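Structure record follows, encoded as structure tokens.
The values are calculated or read from the model by the stated rules, or taken from the named source; none is laboratory data. Predicted, not measured: the structure shown is a model, and the values here were computed from it. All Cβ positions, even for glycine, are placed from backbone atoms using ideal geometry, and neighbour counts span all protein chains on display.
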Amino acid sequence: MSKAGRNASTATTLDQRRRARLRGAFVREQQAGLHLATWGRLVALAIIALWLLWLRRDIAVVWPVGFLVVFAGFAVAQLRLAAGRQDRAWLKYVFAGIETALLAAVLVAPNPLDPAAAHIPSALRLRGTGFSFYFLFLSIGALSLSPWFVLWIGAAAAASWSAAVLWAIVQPGATTAAVHNFDDPLGRLLDPNFVDVGIWYQQIIMLLVVAALLALAVSRARRLVARQAIAERERANLARYFSPNLVDELASADNPVAAVRRQDVAVLFTDVVGFTAIAAHEVPERVIALLRDLYARLEAVIFRHRGTIDTYSGDSLMATFGTPHVGSDDATRALRCGRDILTTLDEWNRERMAQGEVAILVGIGIHCGPVVLGNIGGERRLEFTAIGDTVNVASRIEALTREAGSDLIVSGALVEAVRRENPSGAEAELAGLVATPPAMLRGRDTPTELWMLMMNVAGDRPAESPARLV
């Protein structure tokens, strides 16, 4: 398979997994929504029961209240099935079908406990307000976050109500016709045995339209949630590497870091001095807590200077300046960031030493030049990173800080870049840096020009700094 084919296959697999995770999340939310809908139904049934008991205070009220108890029983049964992990997706459809049919029966069947009800024609019962209860079913069903379930409730309600209307039509003495087909429409409307088919059509159409609109709203909400989840995940991934001021810009772009490219950047490496010895004498929990505390401070400084965190590796960190976009002051920001890191750690070390803890010293190396930028990694994990000789040189410059006794060493290439970026203010930016004899770095054939930050001469570092002295 070609490289393009492998990339396409990987992208397809990742997309399928993402969709599967979203489907799983929605299934869980649908179950939670079903619980919410069931409790909402119980509350609504309780309110209706109290209203009926207040409205009628005779034995006849037992009939409608009894049906409300049956509806509540269905709701409780669904909750118990869900709690017992016996819930099946099809059960809610069965319950909905039974409940809509039962509601139709309640609305058109006479109350056997009310003697006067036997003399009320079924056609006249159709004219009551009971049909509106179907919209309550629809609204509660929408809480399930399932558009298909909402459509099913609408279809089941339409079928149940249609069956009730047809049953009323076939009753003895019932008459049917559209009102406008009669010379005496008022007389027909006043006829208790008259079934207005036109109204039935309107009710069914309105019921189906509302169900479709609710299903569309639920479906749109699901798509919105899915898009928002993807956007937030991508935003969180970007926030791991880029400063907050770039996250919104990159999140709104299409694949802002996907394209592999070559560009000039400034690369900063920092590493804790003597970390192996520190880790050997501390419990693991304290070591991890120390690294988290350290990286929280480094991250804040790097992002403050609009840098990009490339890699965490144990006690070392790599950051780049000029990614994902090349700037007009990348080298200057990298140098300022290096100084700011030292100042920040000086302040932190004062706090640590006041608490009887050892100072944390770091070595910083900075270089600038061309790198290759892009996503690397396998199917399960991708990482946006910079690779190339510039990265290697920056890492080896940082390693020289141990031998040189300086916290910060930069390359001559970085110094030249700072001068280009600051024609009139370069000297201020380079204050405290002293040129050293070119050094041979491992893996390179030619000496590399280096500049070293002399202790307590940086201008932005206090003279009482706890950093090691030359």
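In the stretch 318-375, which residues are part of a strand (DSSP E or B), over 27 Å from Arg262 (Cα atoms) and out of contact with any Lys or Arg (no Cβ under 8 Å at 6 or more places or on another chain)?
Residue satisfying the conditions is Val362 alone.
Any residue in the stretch 266-278 that is free of Cβ contacts under 8 Å to residues at least 24 places away in the same chain and part of a helix (DSSP H, G or I)?
Yes: one or more hits.
Evaluate the following for Leu42: is it more than 42 Å from the chain's Cα centre (by Cα) and modelled with pLDDT of 75 or more?
No; evaluated as a whole, the condition is false for this residue.
Do the conditions hold for Arg419, that is, is it surrounded by 12 or more Cβ atoms within 10 Å (Cβ to Cβ), at pLDDT below 85 and in the same structural domain as Glu351 (by TED's automatic domain parsing)?
So Arg419 does not fit the description; no.
For Ser424, are the conditions met, namely being assigned by TED's automatic domain parsing to the domain that holds Pro324 and in a helix (DSSP H, G or I)?
So Ser424 fails the test.
I'm checking my understanding of the structure. Among residues of the stretch 295-304 that are touching a strand residue (DSSP E or B) at 6+ places or on another chain (Cβ under 7 Å) and in contact (Cβ under 8 Å) with a residue 24 or more places away in the chain, which one is surrounded by the most Cβ atoms within 10 Å (Cβ to Cβ)?
By that ranking, first place goes to Ile302.
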